[in-house]
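The values are calculated or read from the model by the stated rules, or taken from the named source; none is laboratory data. None of the values given here were measured: they were computed from a predicted structure. Quick reminder, even Gly has a Cβ in these numbers, built from the backbone with ideal geometry, and neighbours come from all protein chains shown. Note: accessible area is taken over every heavy atom of the protein model, side chains too, but ligands, DNA and RNA are not part of it. Shrake-Rupley method; radii C 1.70, N 1.55, O 1.52, S 1.80 Å.
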Amino acid sequence: MSKFLFVVQGEGRGHLTQAISLFEILTAAGHQVGSVLVGMDNEHNLPAFFQEKIAIKIETFPAPSLVYGQTKAVKVWDTISTHMKKVPKYRKSVQFLAKKVEEYQPDVIVNFYDMICGLYAQFYRPTIPVVCIGHQYLLLHQSFISLPNKHIDRFLLNLNTRLTGLNATRKLALSFVQMPDDKAHSIAVTPPLIRDEVKKLMPTSKPFILAYITHHKLSEDIINWHANHRDVEIHCFWNNKEFIDEWQFRENLTFHQVNSEKFLRMMEQCSGLICTAGFESVCEAMYLGKPIMMVPVPNHIEQEINAWDGQRAGAGISDTEFNLSRFISYLPVHQNVSANFKTWQGQTPQIFLKNFEEVTHKEAEIYTFKRGRGSLLSKSFRRAFGF
């Protein structure tokens, strides 16, 4: 039996649901998750569903998150400048993480795409394995074909991904489809992590559209479209605390506060899902055979790549706006890829357990900024963070 420590990037729901799924796999196999640490910009935003599903002590610490503008778009340079000013706070987060590792003495640290954990691994050089998990690591795979444009945005995303994976023993790249491992970059390609409660659902198709938005300002697009299509029933999940749990804007248009169980019940029944191209939402819909329209948040390069990759995998279609008319026209011609996806996803437990067994029983190559220009970057981080 091995003892695990989870470090989870807490923005959105994606990495949190991945952690729930891995928690289920590890505990079912007889392993122990000793503690879960969640990096958040605001600790009060930790969703209730996460605390309910992981019945052990959960602690939060300050960590970077995206900055959004009034136009609903991600503000890349504001995100960078905002968090550069918070370096002293994040230095304390790295020290907090080091203290918790010393306290819990895990056999493996599992990093769900958290930059603070990457910085900890780089500065403190733990002797125990650090395994990183995320769809983003697939973007570093030598065979992954990404968007043909937005070179600067892709560079910044990949830089952020490398920072989360500093000194990692292995990176487990979640993928919609099966691909060979990239051993040169210590990347093992794995199926998505999907919670057991999703797998137990019995999907049907009722005449309503389900929507999930990561930023409540995107609701304006849905409201504007629905004004001219009031016969279409839409249920939209958001995180807008100014409203009650279930708010009916008008007949056939209802907004719901994020609620994991309620969302899954409605996904089980909907005729299709429109979402902001978060990896986990797309995977859950693919598993249930639901057609998807992926609408990335403006300037959110990660979601744009998710939509690009998800469309290639047969999940559905992508667009730059909530064009529900196009989605409704697409529904009758959607090709269900659920069977192939379930075959790939069904290998998840054995692939993950195999990777953890390998890193705990033999030394693996680690990724650091040791060569070329990377060494200068590493020295700069040390000076900035005071280590």
Worksheet item: Which of the peptides 149-162, 178-191 is most tightly packed, and how do the rest follow, going by the mean number of other Cβ atoms within 10 Å of each residue?
Response: 178-191, 149-162
Worksheet item: If you count, for each residue, the other Cβ atoms within 10 Å and average over each peptide, how do 103-109, 337-343, 168-174 line up from highest to lowest?
Response: 168-174, 103-109, 337-343
Item to complete: Go ahead and run the numbers for FRET between F249 and H361, Cβ-Cβ distance against an R0 of 56 Å, rounding to 0.05.
Response: 0.50
Fill in: Contour minus Cα-Cα distance for V87 and L159 (0.36 nm per residue)
24.2 nm
Worksheet item: If R0 is 22 Å, what FRET efficiency do you get for E261 and T27 from their C-beta distance, rounded to 0.05?
Response: 0.65
Item to complete: Pairs of Cα atoms under 8 Å, at least six residues apart: use those to get the relative contact order of the chain, whole percent.
Response: 16
Worksheet, complete the sentence: Quick shape summary for the chain, equivalent ellipsoid via Cα gyration tensor, semi-axes whole Å in descending order, reads 34, 23, 20
Worksheet item: At what distance in nm do the modelled label points of N149 and K3 sit from each other, each positioned 7 Å from its Cα along Cα→Cβ?
Response: 5.3
Discussion item. For a quick check: with amide H placed at 1.01 Å from N, whose amide H comes under 5 Å from N167's, ignoring anything fewer than 5 positions away on the same chain?
Written reply: Y367, T368, F369
Fill in: Extension gain from E59 to E197, taking 0.36 nm per residue of separation minus the Cα-Cα distance
47.2 nm
Response to the item:
In this structure, among K99/K183; K53/K200; K241/K342; K199/K262; K3/K354, pairs with alpha-carbon gaps over 25 Å are K99/K183; K241/K342
Worksheet entry | Residues with amide H under 5 Å from that of Y212, placed H, sequence gap 5 or more | F237, I274, C275, T276
Response to the item:
Residue span V177 to S338: 0.36 nm per residue of separation minus Cα-Cα distance leaves a gain in nm of 56.8 nm
Worksheet entry | Relative packing of peptides 132-143, 110-121 - highest average C-beta neighbours within 10 Å first | 110-121, 132-143
Worksheet item: Separation between the K217 and E242 pseudo-spin-labels, each 7 Å from Cα along Cα→Cβ, expressed in nm?
Response: 1.2
Worksheet item: Relative contact order, percent, of the stretch 274-339 when contacts are C-alpha pairs under 8 Å separated by at least 6 residues?
Response: 36
Worksheet entry | the chain, accessible area per residue, ligands and nucleic acids excluded (1.4 Å, Å²) | 45
Worksheet item: If you roll a 1.4 Å probe over the chain with all protein chains in place, what percent of the accessible area is carbon or sulfur?
Response: 51
Worksheet entry | Amide proton proximity set for D41, modelled H, under 5 Å, gap of 5+ | A63
Worksheet entry | P(r) weight above 16 Å for the stretch 1-57, C-alpha pairs, percent | 37
Discussion item. Please compute, for the alpha-carbon atoms of the stretch 267-313, the extent along each of the three principal axes and give them in descending order in Å.
Written reply: 31, 18, 13
Worksheet entry | Helix-only [θ]222 nm of the chain, DSSP H runs n ≥ 4, -39500 (n - 2.57) each, per residue, nearest 500 | -12000 deg cm²/dmol
Worksheet item: Between P298, N160, I223, whose Cα lies farthest towards the positive end of the dipole of the chain when Lys and Arg beta carbons carry +1 and Asp and Glu beta carbons carry -1, centred on the Cα centre?
Response: N160
Item to complete: Out of all DSSP beta bridges with both ends in the chain, state the antiparallel percent to the nearest 5.
Response: 10
